[in-house]
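First up is the structure itself, then whatever we jot down about it.
The values are calculated or read from the model by the stated rules, or taken from the named source; none is laboratory data. Remember, it's a predicted structure, so these values are computed and weren't measured experimentally. Virtual Cβ from ideal backbone geometry, glycine too; neighbours counted across all protein chains shown.
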Amino acid sequence: MNNNQFSLQNIFISSFFCILVGTILFINSQSILWSSASVTIFIAGIILMIIGLILKISITMDTKKIDKWVPDSNYLPDAGRAMYRIDTTLTSPTKTSILCGKCKHIEWVEGKKPTSYTCTNCGILLWENNEEE
Ligand SMILES: [Zn+2]
(Lines give C-alpha, C1' and ligand atoms only; values in the text may rest on other atoms or scores of the structure.)
Protein backbone atom coordinates (compact mmCIF):
# COMPACT_ATOMS: atom_id res chain seq x y z
CA MET A 1 0.00 0.00 0.00
CA ASN A 2 1.51 3.33 -0.99
CA ASN A 3 1.02 6.75 0.58
CA ASN A 4 -1.57 7.87 -1.95
CA GLN A 5 -3.85 4.94 -1.22
CA PHE A 6 -3.35 5.36 2.50
CA SER A 7 -4.38 9.02 2.59
CA LEU A 8 -7.28 8.29 0.22
CA GLN A 9 -8.52 5.63 2.60
CA ASN A 10 -8.36 8.15 5.46
CA ILE A 11 -10.45 10.62 3.47
CA PHE A 12 -13.10 8.00 2.75
CA ILE A 13 -13.19 6.81 6.38
CA SER A 14 -13.55 10.44 7.57
CA SER A 15 -16.31 11.14 5.07
CA PHE A 16 -18.28 8.03 6.02
CA PHE A 17 -17.84 8.93 9.69
CA CYS A 18 -19.10 12.49 9.13
CA ILE A 19 -22.12 11.28 7.18
CA LEU A 20 -22.88 8.66 9.83
CA VAL A 21 -22.52 11.06 12.77
CA GLY A 22 -24.47 13.76 10.91
CA THR A 23 -27.33 11.34 10.20
CA ILE A 24 -27.48 10.01 13.79
CA LEU A 25 -27.39 13.54 15.23
CA PHE A 26 -30.11 14.68 12.82
CA ILE A 27 -32.42 11.79 13.73
CA ASN A 28 -31.89 12.36 17.46
CA SER A 29 -31.81 16.14 17.41
CA GLN A 30 -34.40 17.83 19.60
CA SER A 31 -33.52 21.42 18.80
CA ILE A 32 -32.88 23.54 15.73
CA LEU A 33 -29.29 24.06 16.93
CA TRP A 34 -28.52 20.34 16.86
CA SER A 35 -30.21 19.76 13.51
CA SER A 36 -28.26 22.55 11.86
CA ALA A 37 -25.03 21.24 13.43
CA SER A 38 -25.79 17.71 12.16
CA VAL A 39 -26.54 19.00 8.66
CA THR A 40 -23.18 20.83 8.67
CA ILE A 41 -21.35 17.63 9.63
CA PHE A 42 -23.30 15.70 6.99
CA ILE A 43 -22.39 18.22 4.26
CA ALA A 44 -18.73 18.12 5.37
CA GLY A 45 -18.84 14.36 4.92
CA ILE A 46 -20.27 14.71 1.40
CA ILE A 47 -17.57 17.27 0.49
CA LEU A 48 -14.84 14.97 1.85
CA MET A 49 -16.22 12.12 -0.22
CA ILE A 50 -16.23 14.26 -3.38
CA ILE A 51 -12.59 15.26 -2.68
CA GLY A 52 -11.72 11.61 -2.17
CA LEU A 53 -13.40 10.61 -5.44
CA ILE A 54 -11.63 13.37 -7.40
CA LEU A 55 -8.27 12.27 -5.92
CA LYS A 56 -9.03 8.64 -6.72
CA ILE A 57 -9.89 9.46 -10.35
CA SER A 58 -6.74 11.57 -10.80
CA ILE A 59 -4.52 8.87 -9.27
CA THR A 60 -6.12 6.23 -11.52
CA MET A 61 -5.56 8.41 -14.58
CA ASP A 62 -1.91 8.96 -13.61
CA THR A 63 -1.38 5.21 -13.33
CA LYS A 64 -2.99 4.64 -16.74
CA LYS A 65 -0.75 7.31 -18.27
CA ILE A 66 2.36 5.56 -16.93
CA ASP A 67 1.14 2.19 -18.22
CA LYS A 68 0.48 3.53 -21.70
CA TRP A 69 3.77 5.41 -21.88
CA VAL A 70 6.13 4.33 -24.65
CA PRO A 71 9.48 5.88 -25.50
CA ASP A 72 9.58 8.41 -28.29
CA SER A 73 11.04 6.62 -31.29
CA ASN A 74 12.47 9.89 -32.62
CA TYR A 75 14.61 10.27 -29.53
CA LEU A 76 17.79 8.72 -30.88
CA PRO A 77 19.81 10.37 -33.62
CA ASP A 78 21.29 8.14 -36.28
CA ALA A 79 24.90 8.17 -35.16
CA GLY A 80 25.99 5.56 -37.69
CA ARG A 81 26.30 2.78 -35.10
CA ALA A 82 23.86 0.75 -33.11
CA MET A 83 22.28 2.98 -30.50
CA TYR A 84 19.57 1.95 -28.12
CA ARG A 85 17.48 3.24 -25.31
CA ILE A 86 16.19 1.22 -22.39
CA ASP A 87 13.42 2.16 -20.01
CA THR A 88 12.26 -0.05 -17.18
CA THR A 89 8.83 0.53 -15.62
CA LEU A 90 8.79 1.52 -11.97
CA THR A 91 5.42 -0.07 -11.31
CA SER A 92 4.84 -3.80 -11.29
CA PRO A 93 4.73 -5.86 -13.43
CA THR A 94 8.26 -4.84 -14.33
CA LYS A 95 8.70 -4.45 -18.06
CA THR A 96 11.56 -2.99 -20.05
CA SER A 97 11.20 -1.25 -23.35
CA ILE A 98 14.11 -1.43 -25.74
CA LEU A 99 14.25 1.08 -28.51
CA CYS A 100 16.50 0.09 -31.38
CA GLY A 101 18.29 3.19 -32.66
CA LYS A 102 18.89 1.56 -36.02
CA CYS A 103 15.36 0.69 -37.11
CA LYS A 104 13.33 2.54 -34.41
CA HIS A 105 11.69 -0.72 -33.39
CA ILE A 106 10.39 -0.84 -29.82
CA GLU A 107 10.41 -4.20 -28.10
CA TRP A 108 8.97 -4.94 -24.65
CA VAL A 109 10.60 -7.58 -22.51
CA GLU A 110 9.50 -8.93 -19.14
CA GLY A 111 11.54 -7.90 -16.11
CA LYS A 112 14.64 -5.76 -16.08
CA LYS A 113 17.25 -5.16 -18.76
CA PRO A 114 18.50 -8.46 -20.21
CA THR A 115 22.26 -9.14 -20.27
CA SER A 116 22.33 -9.13 -24.04
CA TYR A 117 19.85 -8.17 -26.68
CA THR A 118 19.51 -8.47 -30.40
CA CYS A 119 16.87 -6.39 -32.14
CA THR A 120 14.03 -8.65 -33.25
CA ASN A 121 13.27 -6.45 -36.23
CA CYS A 122 16.62 -5.80 -37.90
CA GLY A 123 18.74 -8.47 -36.19
CA ILE A 124 21.47 -6.10 -35.01
CA LEU A 125 23.21 -6.90 -31.70
CA LEU A 126 22.54 -3.89 -29.50
CA TRP A 127 24.60 -4.91 -26.47
CA GLU A 128 26.15 -7.87 -24.77
CA ASN A 129 27.05 -8.26 -21.10
CA ASN A 130 27.88 -4.62 -20.56
CA GLU A 131 26.98 -2.47 -17.56
CA GLU A 132 26.49 -5.25 -15.06
CA GLU A 133 23.83 -4.04 -12.63
ZN1 LIG B 1 16.41 -2.85 -34.96
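Numerical summary
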read-out	value
First in segment 103-117 and under 12 Å from Ile86 (Cα atoms), second anywhere and away from the ligand (no atom under 16 Å from the Cβ) and in a strand (DSSP E or B), Cβ under 6 Å, 6 or more apart	Trp108/Lys95; Lys112/Thr88
Residues of segment 89-133 satisfying the condition of being within 9 Å of the ligand (Cβ to nearest atom) and either of a type in the set (Gly, Ala, Ser) or not in a strand (DSSP E or B) (or both)	Gly101, Lys102, Cys103, Lys104, His105, Cys119, Thr120, Asn121, Cys122, Gly123, Ile124
Residue identified as more than 26 Å from the chain's Cα centre (by Cα), surrounded by 11 or more Cβ atoms within 10 Å (Cβ to Cβ), over 27 Å from Ser7 (Cβ atoms) and modelled with pLDDT of 90 or more among Thr23, Thr118, Thr40, Thr96	Thr118
